[in-house]
Amino acid sequence: MYRLSVSPHIHSKASVSRIMWTFIVALMPAMAASIWFFGPRALYLEIISVATAVITELLTGLLLKKRITLSDGSAVITGLLVAFNMPVSVPYYVPIVGSFFGIAIVKQLFGGLGYNIFNPALAARVFVMFAWLPEMTTWNAPLTTSGFSKLAGFNFSIDTITTATPLAIAKMKGMAGLLTEFGSKMGMYKDLFLGKCPGCIGETSALALLLGAGLLLLTKIIRWPIPLSYLATVVLICLLSGNDPIFHLLSGGLILGAFFMATDYVTSPMTPKGMILFGVGCGLVTMVLRLKGGLPEGVSFSILFMNALAPLIDRYFKNPVLGVKT
Amino acid sequence: MWYSGLKIKTFRTGGVHPHEYKGLTEECSIINFPVPQKVIIPLSQHIGKTAKALVKKGDMVSEYQLIGQKDGKISANVHSSIPGKVVDVVMACILNYQVLSVVIQLEGEFKTGNLKKDEWEPLKKEEILKRIESAGIVGMGGAGFPTDFKLSPPPDKKIDTLLVNGVECEPYLTSDYRLMMEKTDEIVEGIKIVKKVLGVRTVFLGIELNKKKAIKKFKDRLTSESNIHVVPLKVKYPQGGEKQLIKAILKRQVPSGGLPFDVGVIVSNIATVYAVREAVLFQKPLTERVVTVAGTIVEKCGNYKIRVGTTVSEVIKEVGIHGPIGKVIMGGPMMGINVSTVEAPVMKGTSGILFFSEKEARSIDYSFYKPCIHCSKCLEACPVNLNPSMLSILGEMEKWEDMKGYHLQDCIECGCCSFVCPSRRPIVGWVKAGKALSA
Amino acid sequence: MKIQELSKGLFKENPILVLMLGLCPTLAVSTKAIYGIGMGAAVIFVLTCSNVIISLIKDFIPDKIRIPSYIVVIATFVTIVDYVMKAYTPELHKSLGIFIPLIVVNCIILGRAEAFAAKKNVLDSFFDGIGMGLGFTLALTLIAVIREILGAGTITLKLLGYGWIVEIPHLNPMIVMILPPGAFITIGLILGFSNILKKR
């Protein structure tokens with residue numbers, strides 16, 4: 001007797017672990033940038049977060065009697081992204097609780113890899129954000145000398161709440177306030193692009209994130225529709241509402257969100273049309289929250305909101321089956 | 001380049017690029033396979049009704065003798081491929097399902113050589129069709145659609161084009177390629193015969209660019225023929241699928257549930273065209289075909305002209321296998337069916353027999369599939385634009401009826417979705433089960 | 001027999017964890033342990049009294065207007081509770097707010113009236129009311145304690161100046177737990193655990 005199986009009998013090299021580990025490699029530039037700009041504490045946060053995620057995945061896997069899926073690296077991604085979404089000054093228990101919540105509750109209890117409704121990292125971020133709002137909105141200036149080094153008043157030792165990130169400044173004082181902090185407009189763009197500004201450790205450096213995103217796009221692990229429509233919507237709304245589109249593109253977690261979180265396979269639609277709609281929706285919600293909301297940033301909320309709509313989008317935006325008349 | 005001036009075509013939606021492995025047998029000329037001691041000839045090697053058995057246990061048969069009578073419109077004659085004695089007429093396990101089969105033990109003399117060649121030009125259309133019918137010719141690309149039925153489309157369908165399928169997009173397989181290289185003139189003659197039967201003006205011969213020699217050969221041969229065009233095609237699986245080929249060459253879309261003649265096209269495979277010629281000129285029934293035997297553990301890979309009914313065990317004996325066999329696949333690796341026993345016979349639609357080593361077989365183990373991560377790779381690969389991800393999830397939950405809502409019946413089972421799936425899900429298996437269980 | 005009617009509400013047919021009734025006040029008021037107890041006491045009183053009365057008058061109620069009749073009975077007792085609480089524990093009354101009057105349409109009470117009291121005798125209905133009320137109180141207080149510990153770092157068991165407020169040391173409270181999402185997460189996890197226990 002020979003082995004029996006259904007066709008096809010050959011397979012491409014694609015595998016879940018290959019995708020996930022490439023994704024992790026793509027996050028490395030941003031991780032390096034986070035350490036460069038925020039010092040070793042950023043690294044500690046990342047290590048703690050990843051370790052918690054991995055251990056939680058292992059323990060919940062054993063408890064729920066699931067096949068242990070550690071080797072596919074998805075827990076590492078979640079852990080890294082959770083850490084990326086935190087200011088450098090958070091106490092160490094914040095990433096621990098965040099990663100635990102993301103893996104145990106958002107991912108494993110909903111059925112594990114492939115079944116979660118919400119992006120675990122983002123849900124974790126929102127959870128810890130509302131759990132410890134002061135800690136999560138205390139921003140540190142980057143270590144390197146920049147326009148922000150003179151903002152000593154925004155150091156986390158002083159109980160300032162939401163006036164440190166560029167987006168918060170834009171919200172409070174408008175463009176004039178930004179220009180006084182950064183000096184000139186070009187200087188502001190440069191600092192934002194490189195990542196020399198306060199913010200979550202993984203989101204500030206657009207350069208590093210774009211390097212990783214380039215790798216993901218080249219290896220076809222993520223597709224262009226979601227990020228492109230997301231960013232395009234943001235630009236369009238900025239132009240329509242008279243805001244600076246480049247500032248809004250480079251500040252906050254938009255690049256990280258558009259390329260690394262909105263594109264999460266499990267929680268985004270599957271058809272090109274659905275992906276574009278998803279991206280447009282993310283952009284809309286982001287800009288509404290940024291311009292009209294109470295908090296300065298809206299990327300995580302917008303992606304989570306669209307996550308909830310993804311199954312619906314999949315239902316109504318199907319690919320036209322060839323030969324079937326609609 | 002030499003083929004400049006020819007427009008290179010392909011289909012737009014989906015498709016994958018598996019490693020070809022054609023080098024194993026590409027340069028192997030067709031060799032006659034020795035006469036087997038025993039053949040198992042299934043009476044259903046085609047789509048439609050099983051042929052009626054005309055022989056019983058103990059009967060003596062001669063080569064080319066009719067042993068299965070066509071039953072109804074969609075059915076085909078079956079002939080003995082060797083002279084001998086009928087050992088048994090039983091239900092035998094063919095491609096993992098039971099089919100009534102005639103088992104013949106070699107005995108007596110071959111009477112080959114007395115086939116005389118006719119001229120086909122004076123023959124009437126009806127006479128040609130009758131000869132094709134009595135020779136039991138079926139589509140030799142795999143599906144096994146009776147050719148006489150295919151070549152007599154309903155009168156309300158106007159056929160304007162004949163497509164000859166020389167694509168052979170499955171990896172490993174080179175049997176059609178070798179036929180094209182070695183029997184160029186015969187194939188052109190066969191094309192003309194089919195063209196006459198259908199009364200069409202234009203014929204396109206689609207060949208993928210990985211068979212440049214064949215393209216060149218046919219292009220040179222067909223310079224004098226104004227209505228038969230060689231179409232080079234970009235290499236992409238599953239271009240050999242009827243609907244994909246029609247889309248690639250003619251940009252016409254076969255409607256869901258329809259057949260090629262709904263858009264005025266008939267598609268015929270190279271091997272079938274060759275068999276048609278033999279049937280019409282020599283009145284020779286379809287009892288042998290060219291089969292690619294390949295695999296990394298096969299000692300004498302090659303293209304063999306094998307008699308229908310020859311069992312895998314005879315093939316193993318002849319070609320020599322080193323190392324344990326993990327999988328035996330009848331057909332190509334993408335759509336072929338793997339068999340569990342060495343008693344499985346070569347049939348009219350068997351274009352290849354592939355032997356995989358234990359290691360190669362174990363590398364694709366669908367019993368350890370992972371959950372769908374919704375990566376949408378399968379949606380991109382699907383040549384019909386289905387949602388294989390959803391089909392697989394519904395299949396996993398055994399919701400066969402719900403699968404119909406996702407156009408289950410339009411699936412061509414090409415395997416592109418499983419091929420690219422990072423979670424290695426047996427999507428095709430679920431689709432096949434769904435088609436069987438939701439009916 | 002009677003013990004069964006009493007005990008089934010505690011675990012086997014716990015209104016919140018098993019029957020999934022009365023989730024609306026559960027989600028809203030379970031922010032402090034004392035609210036759970038206060039709300040539970042109000043429900044025990046209303047449930048027991050209305051169960052008894054409805055069981056007594058069940059034969060006189062025309063079938064077509066039974067729901068309005070039940071509501072009249074229930075509303076009477078709710079009004080009593082509402083005024084008593086307003087008079088003696090104004091603090092608690094203020095915190096529970098609209099959820100006291102809303103006991104009228106609480107599905108536990110209507111559900112028990114329709115499903116139990118309208119069919120069984122007075123004594124059974126009495127024990128059922130107490131059992132169900134206790135079960136509700138228990139589950140509600142459990143949720144409230146968990147949410148209060150995680151969300152505020154305290155356990156409040158103080159009413160009218162009596163009792164204690166326990167403070168958990170070295171805990172940075174997670175504000176989200178006393179916000180609505182915290183209620184959903186807690187109740188979801190407790191339901192999950194109770195289902196695991198039930199399966200064993």
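The values are calculated or read from the model by the stated rules, or taken from the named source; none is laboratory data. Source: prediction; values computed, not measured. We place every Cβ from the backbone using ideal geometry, glycine too, and count neighbours over all the protein chains shown. SASA here: full protein model, heavy atoms, side chains in, ligands and nucleic acids out. Shrake-Rupley method; radii C 1.70, N 1.55, O 1.52, S 1.80 Å.
Remarks
- Here B:Y237, B:Y274 are screened, and the one residue that is of a type in the set (F, W, Y), under 27 Å from B:T184 (Cα atoms) and in contact with a helix residue (DSSP H, G or I) (Cβ under 6 Å, 6 or more places away or on another chain) is B:Y274.
- When B:G257, B:G206 are checked against the criterion of being at pLDDT below 90 and under 22 Å from B:G144 (Cα atoms), B:G257 stands alone in meeting it.
Okay, residues lined up against (1) more than 9 Å from chain A (Cβ to nearest Cβ); (2) crowded, with 24+ Cβ neighbours inside 10 Å; (3) under 17 Å from A:N319 (Cα atoms); (4) touching a residue at least 60 places away in the same chain (Cβ under 8 Å):
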site: B:I364; (1), (2), (3), (4): no, no, no, yes
site: B:S376; (1), (2), (3), (4): no, no, yes, no
site: B:E396; (1), (2), (3), (4): yes, no, no, no
site: B:G429; (1), (2), (3), (4): no, no, no, yes
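- Considering the range B:122-163, and only residues there that are within 13 Å of the chain's Cα centre (by Cα) and hydrophobic (A, V, I, L, M, F, W, C), the residue that is nearest to B:N32 (Cα to Cα) turns out to be B:M140.
- Residues located in the range B:64-91, provided they are open to solvent by 20 Å² or more (accessible area, probe 1.4 Å) and not β-branched (V, I, T): B:Y64, B:Q65, B:L66, B:Q69, B:K70, B:D71, B:G72, B:K73, B:K85, B:D88, B:M91
- So B:E343, is it part of a loop (DSSP other than H, G, I, E, B) and either in contact with a Cys (Cβ under 8 Å, 6 or more places away or on another chain) or facing another protein chain (nearest Cβ under 8 Å) (or both): yes
Residue-by-condition table, conditions (1) at pLDDT 95 or above; (2) not charged (D, E, K, R); (3) not in a loop (DSSP other than H, G, I, E, B):
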position: A:G252; (1), (2), (3): no, yes, no
position: A:G257; (1), (2), (3): no, yes, yes
position: A:T267; (1), (2), (3): no, yes, no
position: A:K273; (1), (2), (3): no, no, yes
position: A:E297; (1), (2), (3): no, no, no
position: A:R315; (1), (2), (3): no, no, yes
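- Total residues in the range C:142-161 satisfying the condition of being away from every other protein chain (no Cβ under 14 Å) and at pLDDT below 90: the figure is 8.
- Test: residue in the range A:6-19 that is open to solvent by 20 Å² or more (accessible area, probe 1.4 Å), of a type in the set (D, E, K, R) and within 14 Å of another protein chain (Cβ to nearest Cβ): yes
- Conditions (1) in a helix (DSSP H, G or I); (2) more than 14 Å from chain A (Cβ to nearest Cβ): number failed by B:A248: (2)
- Single residue of A:A170, A:A104, A:A164, A:A152 found to be surrounded by fewer than 24 Cβ atoms within 10 Å (Cβ to Cβ) and modelled with pLDDT under 80: A:A152
- For the range A:20-49, a tally of residues being polar (S, T, N, Q) and within 12 Å of another protein chain (Cβ to nearest Cβ) returns 1.
- Hits in the range A:282-294 - residues which are part of a helix (DSSP H, G or I) and either open to solvent by 40 Å² or more (accessible area, probe 1.4 Å) or touching a residue at least 40 places away in the same chain (Cβ under 8 Å) (or both): A:C282, A:G283, A:L284, A:T286, A:M287, A:V288, A:L289, A:R290, A:L291, A:K292
- The single residue among B:V291, B:V328, B:V315 that is assigned to a strand (DSSP E or B) and either over 26 Å from the mean Cα position of the chain (by Cα) or away from chain A (no Cβ under 12 Å) (or both) turns out to be B:V291.
- Every residue from the range C:162-178 that is open to solvent by 60 Å² or more (accessible area, probe 1.4 Å) and modelled with pLDDT under 85: C:Y162, C:W164, C:I165, C:V166, C:E167, C:P169, C:H170, C:L171
- Some residue of the range A:188-204 being among the charged types (D, E, K, R) and open to solvent by 50 Å² or more (accessible area, probe 1.4 Å): yes
- Residues that are open to solvent by less than 10 Å² (accessible area, probe 1.4 Å) and part of a helix (DSSP H, G or I) were ranked within the range B:417-427; the one that is nearest to the other protein chains (Cβ to nearest Cβ) is B:S418.
- When C:I54, C:I67, C:I103, C:I74 are checked against the criterion of being under 18 Å from C:L23 (Cα atoms) and touching a residue at least 12 places away in the same chain (Cβ under 8 Å), C:I103 stands alone in meeting it.
- Out of B:E133, B:E182, one residue alone is under 19 Å from B:K284 (Cα atoms) and of a type in the set (D, E, K, R). It is B:E133.
- For the range B:9-25, taking the residues that are charged (D, E, K, R) and buried (at least 18 other Cβ atoms within 10 Å of the Cβ), the one that is nearest to B:K300 (Cα to Cα) is identified as B:K22.
- Flag if C:R147 is open to solvent by less than 60 Å² (accessible area, probe 1.4 Å) and either at positive phi or among the charged types (D, E, K, R) (or both): yes
- Where helices (runs of 4 or more DSSP H) fall wholly inside the range A:81-139, the ranges with 1 or more residues that are charged (D, E, K, R) are A:120-131, A:133-136.
- Residue list for the range A:216-230, filter: assigned to a loop (DSSP other than H, G, I, E, B) and either among the basic types (K, R) or more than 10 Å from every other protein chain (Cβ to nearest Cβ) (or both): A:T219, A:K220, A:R223, A:W224
- None of C:L102, C:L92, C:L96, C:L110 is open to solvent by 70 Å² or more (accessible area, probe 1.4 Å) and among the hydrophobic types (A, V, I, L, M, F, W, C) except C:L102.
- Taking the range B:398-408 as the range and being open to solvent by 10 Å² or more (accessible area, probe 1.4 Å), more than 24 Å from A:N116 (Cβ to Cβ) and either touching a Phe, Trp or Tyr at 6+ places or on another chain (Cβ under 7 Å) or of a type outside the set (D, E, K, R) (or both) as the test, the residues that pass are B:W400, B:G405, B:H407.
- Filtered residues of the range B:304-326 (kept if closer than 16 Å to B:L173 by Cβ and either surrounded by fewer than 21 Cβ atoms within 10 Å (Cβ to Cβ) or basic (K, R) (or both)): B:K305, B:V319
- Among the residues of the range A:75-104, the ones that are out of contact with any Gly (no Cβ under 9 Å at 6 or more places or on another chain) and among the hydroxyl-bearing types (S, T, Y) come to 3 in all.
- Tabulated pairs, the range A:295-322, first under 12 Å from A:M275 (Cα atoms), second surrounded by 20 or more Cβ atoms within 10 Å (Cβ to Cβ) and of a type in the set (D, E, K, R), C-beta under 9 angstrom, 6+ apart or interchain: A:N307/A:D264
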